[in-house]
Amino acid sequence: MRIDLISIFPEFFDVLDLSLIGRAQADRLLEIRRHNLRDYTEDKHRTVDSPPAGGGAGMVMKPEPWAKALETVLEDTASRPSPLAQSSSESSSELGSPLGSVTRALPVKPTLIIPTPSGEAFTQRHAEELAGAEHLVFAPGRFEGIDERVTEWAAEHFQLRRCSIGDYVLNGGEAAAVVMIEAITRLIPGVIGNEASLNEESHGETGLLEYPVYTKPAQWRGHQIPEVLLSGNHAKIAQWRREQAEARTRATRPDLWTRYTAD
Ligand code: 6GU
């Protein structure tokens, strides 16, 4: 997978060089490219914002630098059919992924994700869907947001999604982009060492939150591991975990519990 990030703070994304995502880049499962939006301005102050049409507080991001940056990404994609895409597909198929052959065969528009608190709610389902994409572009805005005409223009060239990571407001879309990238890329085959660990986590197939987990020692500061987990009885353990997951979901996320019991 290739990911292009366009921002006035490209260094914000240095965190993506750490841990599993850093390793995925080294292993060429993932190629992340950062672009400084100010490189696509033409005035000496490298201006990216201006006051909102119709008046009001704050500043709005000017459309032209965004269009220039996005065009550069498109041109670069067209002129350089990613050798990485090929090698990542190959390594995916080695791992038995059905995605490799499908993504290679379909010449689809890149997906442009615009992080914004006014977007659709980003969920694990989005992460699962986007993990199969060949090319993602993130356009995180600052200030009061990006001139809406950028979305109108971009819809011709990209599959476009405006996504929010929750009902609160951040100073800019960069932190939200990092969140989405982490949720998406960990689902690419080969990025996580132990793929079995994806099976029973929260927001997975069951629709339940994850059950509590424990490790040695069995006794710790007067607290003990629940007896059943030390019993060796796998059917009993599975049943206990299911009950715990249900109790936890009912108590902390009544919205998920309602959906779970409705199915
Ligand atoms: Cl995607 N951006 C900003 N600025 N704030 C947010 C958000 C995104 N999602 C939740 N709050």
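Numbers below:
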| read-out | value |
| --- | --- |
| Mean Cβ neighbour count within 10 Å, used as a protection proxy, ranking 175-186, 141-152, 217-228, 201-212 highest first | 175-186, 141-152, 201-212, 217-228 |
| DSSP-defined beta bridges in the chain - what % are antiparallel, rounded to 5 | 15 percent |
| Sequence ranges 59-71, 6-18, ranked by mean other-Cβ count within 10 angstrom, highest first | 59-71, 6-18 |
| Under Karplus coefficients 6.51, -1.76 and 1.60, residue-wise ³J(HN,Hα) of segment 185-198 in Hz, glycine/proline x | 6, 5, 8, 6, x, x, 6, 9, x, 10, 5, 4, 5, 6 |
| Placed amide H near Val191: partners under 5 Å, 5+ positions off or other chain | none |
| Calculated on alpha-carbon atoms, Rg and Dmax of the chain in Å | 21.9, 71 |
| Kirkwood hydrodynamic radius of segment 208-262, Cα pairs, Å | 12.4 Å |
| Under 5 Å, built H, 5+ apart or other chain: amide partners of Arg33 | Ile3, Asp4, Leu5 |
| Tensor-based shape of segment 5-86 (alpha-carbon gyration tensor, a/c under 1.5 rounded, otherwise prolate or oblate) | prolate |
| Segment 29-40 - phi-based ³J(HN,Hα) in whole Hz, Karplus 6.51/-1.76/1.60, Gly and Pro as x | 7, 8, 10, 10, 10, 9, 10, 8, 3, 5, 5, 9 |
| Förster-model FRET efficiency, 25 Å R0, Lys216 and Ile237, C-beta, rounded to 0.05 | 0.95 |
| Rounded if a/c under 1.5, otherwise prolate or oblate - segment 103-239, Cα gyration tensor axes | prolate |
| Note, ³J(HN,Hα) from phi for segment 167-180, Karplus 6.51, -1.76, 1.60, rounded to Hz, x at Gly and Pro | 8, 7, 10, 9, 6, x, x, 4, 4, 5, 5, 4, 4, 5 |
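Throughout, read-outs are computed from the coordinates displayed, never taken from laboratory work. Note that the coordinates shown come from a computational prediction; the quantities given were computed from them, not determined experimentally. As a convention, Cβ positions derive from the backbone with ideal geometry for all residues, glycine included, and neighbour counts pool all protein chains shown.
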